[in-house]
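Some notes on the structure that comes next.
The values are calculated or read from the model by the stated rules, or taken from the named source; none is laboratory data. Note that the structure is predicted; figures quoted are calculated from it, not measured. FYI the Cβ positions are ideal-geometry reconstructions off the backbone, even for glycines, and counts take in every protein chain you see. Each accessible area value is taken on the protein alone, full model and side chains, heavy atoms only, with ligands, DNA and RNA left out. Shrake-Rupley method; radii C 1.70, N 1.55, O 1.52, S 1.80 Å.
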Amino acid sequence: MYDAMAYLWMIPVIPFIAGFITFIIGPSLLRSQAHLPCIIAGLISFVLSISALNDVVKAVESNDLSNPSSVSVSYFEWFRTGDPNLVGENIKTAGSLKAEFSLRLDPLSSAMIVMVTFLGTLIAVFSTGYMRDHHGHIDPGYSRFFASVSLFLGSMLILVLADNVLLLYAGWEGVGLCSYLLIGFWFEKPAACNAARKAFLVTRLGDVALFLGFALLWVSSGYRLDFDGLLTLSNYDSGVGLACFLMFLGACGKSAQFPLHVWLPDAMEGPSPVSALIHAATMVTAGVYLLARFMPLFASVPEVQMVVIGIGAFTSLLAALIALTQTDLKRILAYSTMSQLGYMFMALGAGIDVKSALPMLALRAAIFHLLTHAFFKALLFLSAGSVMHSMHDVIDLRRIGGLRKVLPLTHIGFLFGALALAGLPPFAGFWSKDEILSVIHETSKHSNYPWFYILMWATGIFVAFLTAFYTFRAYFLTFWGVLKLPEECHGEVHESPKSMTYPLLLLSVFAIGIGFVLSNSTPLSIEKFLGKTPGYVLLEHHDHDWLTVGFATASGFAGLLLAFVFYGKGGVTLSEHSPGKSNFAVELSKNKFFFDEIYNKLLIAPLNLVFYCSRIFDQYILDGVVDLIAHIPRMIAQLFRPIQNGLVQFYALAMILAVTVFLIALARSM
């Protein structure tokens, strides 16, 4: 057993403790130093995560059976239902439920916790500058913000370390709750309240499906909750396909995939560090992790995998098309997140045939892109936050421009992030994006439906072109052309403080090198590392798909070149190239393909009608019946009310009459 198992529980628990401490004493005692518990907890968890990762690396390299690469440990019994006297297999036989606080350390979870703790801590450091105004005054909700961030990190760490579905679901819901608190952080703004409510309700739809999927797995596997039991196909007679489909719906909610994608762009109403946290290190990656963890089950149902890759490709294309015409910098990045998550689901959907090496190739490609994307997307969102901070909360591309000279460090950070997102060599996205497309291409050679996977591959190539185009459209409009400042700046602008620019510079280094460092070309290959995860067929040698590399790279450069032609001088938007003409395609993109309006007409309006009818039925029918029943005793009482008039003479007369009647009746009976 790893040495890390003795302290593994501390990695998620310490951020929770920091969050509660900040909630309790932050407003009154810590005040402007309320960030300290969050940052200190993040650093401690990061150091412990590095130590845990080191243990896993040693186990992977040693190939020692006594020190396996995947270990789980139960720290205590969480709760139990049914007969408390049942033990062992009798619990499963009786259908009782025993939940434990058990954590799993393996190549997948160890890689995830290092990424989450590192980026979470870095984003918290950035937030110490962002959550202050230009005079250094902290936001009124400063302590509440860092308390929520700490709880967010703790929930995500519980999610990725959990060794049973109940604990995973607890972390899953914790992430959802914290996202609601942070998206609606500025609750005095109606837009922020609406965005938080929308995110919470839309993701709840997916959460219900996920809960049903877990329940079906529990029943179908013989009442097992631990991953070792759930991921063993021999434990199932049926139900795997439906359970996987339900879990995928849950992942669609958290990772903003069609049709549950509409919440993510509105989530930009929260502070920019929240956007970086949600889009890079925590919430939206949870869905990808879920499918990666249950890949052995998904690989056994190719029909569901075709749905996964199809939805991923459609979402990726849809988000890229919408991003083409948006004018809000953060929303462009939000749609790029949706698109890149679509790429990851495309990779996961390519993992068919559980007896082949394709599931491992798919998992490695998806997690590789998840990790590289986390770094360069955090860089992009924090760079956008730096722009927003300097521009007094204005990030409308029509109102800003030419900022590269006045915000030089922010410009460097955004440029490196854009190059990585566009997938251009040698930046991070180049290495991981090509792996995804290569896996899809490889799957087409082994599938009974090769044309379908070739279509998915071609879609991925086209999306690579669109990604480079809209990314550099945003870059050129923001940083090139004539200097253009919003009125809120009053003609003055300055670079963000060091607490914000230093994290940008550090992440810029990762945007350049993390892809190569984790590629197959180095000893630190994430693909070789994840390949040691138990339960998969490992392909020791995987040739480069130079055809895919060539097409994808050419698409990226073509998108950059076209963006330079249209926007290299800044200050113009796509729709302005055809003035006086109504371009239906542009209007579709601008209005997000009218999905919000469609959902309002087809779902929200009918439900509102049902709610209205239910309210009428409740108020005027159900309440009427209840009120009628309540009035019956009152009406009966009205019959006897005249004789209860309070006059002593009347009562005496009534008593005499009653006695007289009684005596007459008695006399007649004798």
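Put simply, of LEU409, LEU466, LEU415 the only residue that is surrounded by fewer than 23 Cβ atoms within 10 Å (Cβ to Cβ) and within 19 Å of GLY515 (Cβ to Cβ) is LEU415. Here GLU495 passes the criteria (1) within 25 Å of the chain's Cα centre (by Cα); (2) over 14 Å from GLY556 (Cβ atoms); (3) open to solvent by 30 Å² or more (accessible area, probe 1.4 Å) except the one numbered (1).
Can you find, within segment 3-18, the residue that is surrounded by the most Cβ atoms within 10 Å (Cβ to Cβ) among those that are within 22 Å of the chain's Cα centre (by Cα) and within 11 Å of LEU103 (Cβ to Cβ)? This residue is ILE11. For the condition in contact (Cβ under 8 Å) with a residue 60 or more places away in the chain, among the acidic types (Asp, Glu) and either surrounded by 10 or more Cβ atoms within 10 Å (Cβ to Cβ) or in a helix (DSSP H, G or I) (or both), ASP596 qualifies.
Yes/no matrix, rows are residues, columns are (1) of a type in the set (Val, Ile, Thr); (2) part of a helix (DSSP H, G or I); (3) surrounded by 10 or more Cβ atoms within 10 Å (Cβ to Cβ):
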{"residue": "GLN619", "(1), (2), (3)": "no, yes, yes"}
{"residue": "PRO633", "(1), (2), (3)": "no, yes, no"}
{"residue": "PHE640", "(1), (2), (3)": "no, yes, no"}
{"residue": "ASN645", "(1), (2), (3)": "no, no, no"}
{"residue": "ILE664", "(1), (2), (3)": "yes, yes, yes"}
{"residue": "ALA667", "(1), (2), (3)": "no, yes, no"}
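Annotation: of all residues in segment 325-365 being over 21 Å from LEU421 (Cβ atoms) and charged (D, E, K, R), the one that is most open to solvent (accessible area, probe 1.4 Å) is LYS355. If the condition is being assigned to a loop (DSSP other than H, G, I, E, B) and within 15 Å of the chain's Cα centre (by Cα), then segment 211-267 contributes SER255, ALA256, GLN257, PHE258, PRO259, LEU260, HIS261, VAL262. Taking the criterion of being in a helix (DSSP H, G or I), closer than 19 Å to TYR130 by Cβ and open to solvent by less than 10 Å² (accessible area, probe 1.4 Å), the residues of segment 268-288 that qualify are SER272, PRO273, VAL274, SER275, ALA276, LEU277, ILE278, HIS279, ALA280, ALA281. Only one entry in LEU205, LEU182 is surrounded by fewer than 19 Cβ atoms within 10 Å (Cβ to Cβ), out of contact with any strand residue (DSSP E or B) (no Cβ under 9 Å at 6 or more places or on another chain) and in contact (Cβ under 8 Å) with a residue 24 or more places away in the chain, namely LEU205. The condition (being within 24 Å of LEU166 (Cβ to Cβ), in contact with a Lys or Arg (Cβ under 8 Å, 6 or more places away or on another chain) and in contact (Cβ under 8 Å) with a residue 12 or more places away in the chain) is satisfied by just one residue among ALA286, ALA281, ALA276: ALA286.
Within segment 366-392, the set of residues being open to solvent by 10 Å² or more (accessible area, probe 1.4 Å) and assigned to a loop (DSSP other than H, G, I, E, B) comprises HIS392 only. Confirm whether SER390 is among the polar types (S, T, N, Q) and touching a helix residue (DSSP H, G or I) at 6+ places or on another chain (Cβ under 6 Å). Answer is no for this residue. Report yes if LEU105 is within 27 Å of ILE50 (Cα to Cα), touching a residue at least 60 places away in the same chain (Cβ under 8 Å) and touching a Phe, Trp or Tyr at 6+ places or on another chain (Cβ under 8 Å), otherwise no. Yes, satisfied.
Any idea which of GLU540, GLU576 is over 30 Å from ASP353 (Cβ atoms), surrounded by fewer than 20 Cβ atoms within 10 Å (Cβ to Cβ), modelled with pLDDT under 95 and of a type outside the set (Val, Ile, Thr)? Steps first, please.
Values: GLU540 fails: over 30 Å from ASP353 (Cβ atoms).
Only one candidate qualifies: GLU576.
Residues in segment 19-55 that are crowded, with 18+ Cβ neighbours inside 10 Å and either of a type in the set (A, V, I, L, M, F, W, C) or outside any helix (DSSP H, G or I) (or both): 12 in all. Note on segment 290-303: among residues that are over 18 Å from the mean Cα position of the chain (by Cα) and either of a type outside the set (S, T, N, Q) or over 18 Å from VAL354 (Cβ atoms) (or both), the one that is surrounded by the fewest Cβ atoms within 10 Å (Cβ to Cβ) is GLU303. Being of a type outside the set (Val, Ile, Thr) and either within 16 Å of PHE294 (Cβ to Cβ) or open to solvent by 10 Å² or more (accessible area, probe 1.4 Å) (or both) holds for only one residue in TRP263, TRP218, and it is TRP218. For first residues located in segment 1-30 and closer than 18 Å to SER49 by Cβ, partners that are aromatic (Phe, Trp, Tyr) and not in a helix (DSSP H, G or I) and lie 6+ apart or on another chain with Cβ distances below 6 Å form the pairs TRP9/TYR75. Does at least one position in segment 498-519 carry a residue that is within 25 Å of GLN340 (Cα to Cα) and part of a loop (DSSP other than H, G, I, E, B)? Looking through segment 498-519, at least one residue is within 25 Å of GLN340 (Cα to Cα) and part of a loop (DSSP other than H, G, I, E, B).
Of everything in segment 469-492, what is basic (Lys, Arg) and open to solvent by 10 Å² or more (accessible area, probe 1.4 Å)? Give them in sequence order. Full working, then the answer.
Residues of segment 469-492 basic (Lys, Arg): 473, 484.
If the condition is that a residue be basic (Lys, Arg) and open to solvent by 10 Å² or more (accessible area, probe 1.4 Å), then LYS484 is the only one that fits.
Counting only residues that are open to solvent by less than 10 Å² (accessible area, probe 1.4 Å), among the small types (Gly, Ala, Ser) and not in a helix (DSSP H, G or I), segment 129-169 holds 2 of them.
For residues that are part of a helix (DSSP H, G or I) and β-branched (Val, Ile, Thr), scanning just segment 318-358, find the one that is nearest to SER589 (Cα to Cα). Looking at residues that are part of a helix (DSSP H, G or I) and β-branched (Val, Ile, Thr), I get ILE322. For MET306, the conditions (1) in contact with a strand residue (DSSP E or B) (Cβ under 9 Å, 6 or more places away or on another chain); (2) open to solvent by 10 Å² or more (accessible area, probe 1.4 Å) all hold with the exception of (1). When TYR236, TYR223 are screened for being open to solvent by 50 Å² or more (accessible area, probe 1.4 Å), of a type outside the set (Val, Ile, Thr) and under 19 Å from LEU97 (Cβ atoms), only TYR223 passes.
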